[in-house]
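Asker: Quick one: the structure is below, questions incoming.
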Amino acid sequence: MKRRSLFALACLTSALLSPLAVQAQTKTLRLVPHANVTILDPVWSTAFVTRNHGYMIYDTLFGTDLSGKVKPQMVDKWTVSKDNLTWTFKLRDGLEFHDGKPVTSEDVVASIKRWSSRDSFGGVLAKSVDSYSAPDAKTFVIKLKQPFGVMLEALGKPSSNVLFIMPARIAATPGTEQIKEHVGSGPYRFVPEEYKPGERLVYVKNDKYKPRAEAPDGTTGGKNVFVDRVEWVIIRDPQTQFNALVAGEVDIVEQPTFEQYSSLKAQKDIQIVDAQPAGLQFIFRFNHLHAPFNNVKIRQAAMVALGQEAHLKTQVGAPGMFAFCKSIYPCGTPLASDKMGIYTGMADPKKAAQMLKEAGYDGTPVVLMRPTDLASIAKLPLVAKQQLEAAGFKVDLQQMDWATLVARRAKKDAPAQGGWNAFMTAWTAGDILNPLTMAMMNAAGDRGWFGWQDDKQIEDLKVKFAQATTDAQKKAIAEQIQLRAMETASHVPLGQYFNPAALRKNITGLVPAGAQVYWNIKKN
């Protein structure tokens, strides 16, 4: 008698317990997200898995296609006054929240305000806004103090944090608190009754959703749904993920380990599809609040100690799947520049040790968090520990799952009281195309991104970037911001890489979007 896998038994048990799960196989899409999901508020967290959850249930005012062009999504049409200070938007017909209430301009204004309180790009927009108004249920107006030439890029930002539209009563939740209801107007409805943290999330088709007529392209176009139900199945072990995919127990694995690609390509029923063709970038993020990294000289020493090569070769390794990149913006994109000041991208432990000595480092341990269950970055902290220790740092490597890390990085407590000094993560190209989309450039202190850098010069330069009217001006200001980021050691860019998804061959329609989106998919 054949032994069933533990995963298959779990699925069988789940089916017996849940009447909703007993459906035709072709109507249920099962996928393994790249990480566990414990935070469901896509404004409160920049975690990609939370962003992907957001795209399942919420809609956006604008989207960004794969070429980087912003196109309307919930918006039907808009106008701009001659002085560029008044933007008037009208919503398209047929927008309805999952609770049956229509989407109104008041919902939009409340959602923009909450998003602006957390997001770097939104924060720059907020500084230029004089007022918001909602003259009728389908019209909202943004009046500015000064021109904001990247308005559409802000409203159509494709990745963390995305401006998802929520009911006003939910968007009234302060940005410092997580929302408790998850009601959107997007292509799927979240099923909270079936949410089991650490096990699965369930979404069902929103039959009332009216997709746009255009073909899907990036996060724009028609969000057509061809399955009745989507299950996100949390499987932490990469080998178990691989086995479940090969056995047909799941349909998609978002991020296989880099070591698995050669074996996956050899499987006759498996295909590799890159939904993020522009790639991603690894980074090392400092906590600017606490010793030792509250000292800029010590942050600079760490930057010089790290380097990209060892991180890329150890974490990725596979030829053709990583690239050295001396820029905080993705190499190959318009704002990419190798003008990085002190940062060369190459590890120099001797120079770092001298810098550390000159900075007066007293041996305070660096609490470096490592996510053990997120294979795409799990090796990075091990390399970072070696590189930092080679320069004379004392490193306290603390291991935890990704969900715990995401929760802990939001704490401002001292490292000895449950806080942290550093963590490592990755960003898609769409997150770091310019200084306004980049979370690490949110240098607004306590209101900024995790790490809480407080740097007025970066914030002022971001406003100038938003007001720039030519590509040459934007390029010049972006370089100034990059040099300031390296001078202040906001974070350390550690190179680019690619991490395609693995799918069963009966799955078609995965949309390359720079984010993982699950409309347009058919299961044959």
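Quick note: the coordinates plus some simple rules give every number you see, no bench work behind them. Note that the structure is predicted; figures quoted are calculated from it, not measured. We place every Cβ from the backbone using ideal geometry, glycine too, and count neighbours over all the protein chains shown.
Asker: Looking at segment 460-524, which trypsin sites (Lys or Arg not before Pro) are DSSP coil and have at most 16 other C-beta atoms within 10 Å of their C-beta?
Answerer: The qualifying sites are 505.
Asker: Here is a follow-up. Any idea what the relative contact order of segment 175-332 is, in percent, if you count C-alpha pairs under 8 Å spaced at least 6 apart?
Answerer: Reported as a whole number, the value is 12 percent.
Asker: Residue by residue through segment 507-519, what is 3J(HN,Hα) from phi via Karplus (6.51 cos²θ - 1.76 cosθ + 1.60, θ = phi - 60°)? Round to whole Hz and write x for glycine and proline.
Answerer: 3J(HN,Hα) across segment 507-519, in whole Hz: 9, 10, x, 4, 8, x, 9, x, 9, 7, 10, 10, 8.
Asker: Can I ask one more? Any idea how far the Cα center of segment 381-398 sits from the one of segment 140-191, in Å?
Answerer: Using only Cα atoms to place each centre, the spacing works out to 39 Å.
Asker: Using a Förster distance of 35 Å, how high is the FRET efficiency between residue 318 and residue 195, based on the Cβ-Cβ distance and rounded to 0.05?
Answerer: Numbers: r = 35 Å, r/R0 = 0.99.
Efficiency computed from Cβ-Cβ geometry: 0.50.
Asker: Right, another one. Please report, in debye to the nearest 20, how large the charge dipole of segment 62-171 is about its Cα centre when each Lys and Arg carries +1 at its beta carbon and each Asp and Glu carries -1 there.
Answerer: Values: 16 positive and 12 negative charges, 48 e Å.
Roughly 220 debye, rounded to the nearest 20.
Asker: Here is a follow-up. With the Cα gyration tensor of segment 160-299 in hand, give its eigenvalues times 5 under a square root as the equivalent ellipsoid semi-axes, listed largest first in whole angstrom.
Answerer: Values: eigenvalues 180, 156, 62 Å².
Listed largest to smallest, the semi-axes of segment 160-299 are 30, 28, 18 Å.
Asker: Amide H neighbours of residue 337 under 5 Å, counting only residues 5+ apart in sequence or on other chains, H built in-plane at 1.01 Å?
Answerer: Those qualifying (amide H under 5 Å, at least 5 residues apart or on another chain) are 328, 329.
Asker: While we're here: How high is the relative contact order of segment 265-416, given as a whole-number percent (alpha carbon pairs under 8 Å, six or more residues apart)?
Answerer: Normalised by residue count, the contact order of segment 265-416 is 24 percent.
Asker: Rg and Dmax of segment 280-497 over Cα atoms: what are they, in angstrom?
Answerer: Cα only, segment 280-497: 16.3, 48 Å (Rg, Dmax).
Asker: Still on this structure: May I ask you to sort 396, 83, 431 by Cβ crowding, counting other Cβ atoms within 10 Å and putting the fewest first?
Answerer: By the 10 Å Cβ count, ascending: 83, 396, 431.
Asker: Would you please give the residues with an amide H less than 5 Å from that of residue 63, counting only those at least 5 places away or on a separate chain, with H modeled from the backbone geometry?
Answerer: Excluding prolines and chain starts, which carry no amide H, the hits are 71, 73.
Asker: Under a 5 Å amide H to amide H cut-off, with H placed in plane at 1.01 Å, what residues pair with residue 372 once short-range neighbours are removed?
Answerer: Those qualifying (amide H under 5 Å, at least 5 residues apart or on another chain) are 400, 401, 402.
Asker: Set the bar at 21 Å for Cα to Cα. Now go through 297/456; 205/523; 326/412 and name every pair that lies beyond it.
Answerer: From the list (297/456; 205/523; 326/412), the Cα-Cα distance tops 21 Å for 326/412.
Asker: Based on the Kirkwood radius over alpha-carbon pairs, what value in µm²/s does the Stokes-Einstein equation return for the translational diffusion coefficient of segment 114-180 at 4 °C and 1.567 mPa s?
Answerer: Here the translational diffusion coefficient equals 100 µm²/s.
Asker: Which lysines, if any, have their Cα less than 19 Å from the Cα of residue 379, not counting same-chain residues under 8 positions apart?
Answerer: 313, 394
Asker: Counting each pair of different Cα atoms once, what's the Kirkwood radius of segment 260-377 in Å, rounded to one decimal? Could the numbers behind the result be given before it?
Answerer: On the way: mean 1/r = 0.0589 Å⁻¹.
Here the Kirkwood hydrodynamic radius works out to 17.0 Å.
Asker: How big is the shadow of the Cα convex hull of segment 61-197, averaged over all directions, in nm²?
Answerer: Seen from a random direction, the Cα hull of segment 61-197 projects 9.1 nm² on average.
Asker: Let me ask you something else. Loop-only check: which trypsin sites (Lys or Arg not before Pro) in segment 123-194 are DSSP coil with at most 10 other Cβ within 10 angstrom?
Answerer: 180
Asker: Placing unit charges on C-beta atoms (Lys and Arg positive, Asp and Glu negative, everything else neutral), compute the dipole magnitude of the chain about its Cα centre in debye, rounded to 20.
Answerer: With Lys and Arg at +1 and Asp and Glu at -1, about 380 debye.
Asker: Work from the charge dipole of the chain (Cβ charges, +1 for Lys and Arg, -1 for Asp and Glu, about the Cα centre) and give the residue of 277, 423, 353 farthest towards its positive end.
Answerer: The Cα lying farthest towards the positive end belongs to 277.
Asker: Now, a different point. Can you give the FRET efficiency to the nearest 0.05 for residue 464 and residue 81, using r as the Cβ-Cβ distance and R₀ = 25 Å?
Answerer: E between residue 464 and residue 81, to the nearest 0.05, is 0.70.
Asker: Just want the ordering: 470, 425, 508, from fewest to most Cβ atoms lying within 10 Å of their own Cβ. Numbers along the way, then the final one.
Answerer: Working: 470 9, 425 26, 508 14.
Fewest-to-most Cβ neighbours within 10 Å comes out as 470, 508, 425.
Asker: A further question on this structure: Can you run phi through the Karplus equation (6.51, -1.76, 1.60; θ = phi - 60°) for segment 286-295 and list ³J(HN,Hα) in whole Hz, with x for Gly and Pro?
Answerer: 8, 8, 7, 7, 10, 4, x, 7, 7, 9
Asker: Then there's this: Mean 1/r over all different Cα pairs, inverted: what Kirkwood radius does segment 426-465 give, in Å? Don't skip to the answer; put the middle values down first.
Answerer: On the way: mean 1/r = 0.0969 Å⁻¹.
Its Kirkwood hydrodynamic radius stands at 10.3 Å.
Asker: Per residue of segment 370-376, what does 6.51 cos²θ - 1.76 cosθ + 1.60 with θ = phi - 60° give for ³J(HN,Hα)? Whole Hz please, x for Gly and Pro, Karplus curve as stated.
Answerer: Coupling constants for segment 370-376: 10, x, 6, 9, 10, 4, 5 Hz.
Asker: Taking the beta-carbon count within 10 Å as an exposure proxy, list 325, 331 from fewest neighbours to most.
Answerer: Ranking 325, 331 by Cβ neighbours within 10 Å, fewest first, gives 331, 325.
Asker: Mind checking the dipole of segment 280-497: about its Cα centre, +1 per Lys or Arg Cβ, -1 per Asp or Glu Cβ, Debye to the nearest 20?
Answerer: 100 debye
Asker: What list of whole percents do you get for P(r) of the chain, with Cα-Cα distances grouped in 20 Å bins up to the one holding the largest distance?
Answerer: The calculated distribution, bin by bin, is 23, 56, 21, 0.
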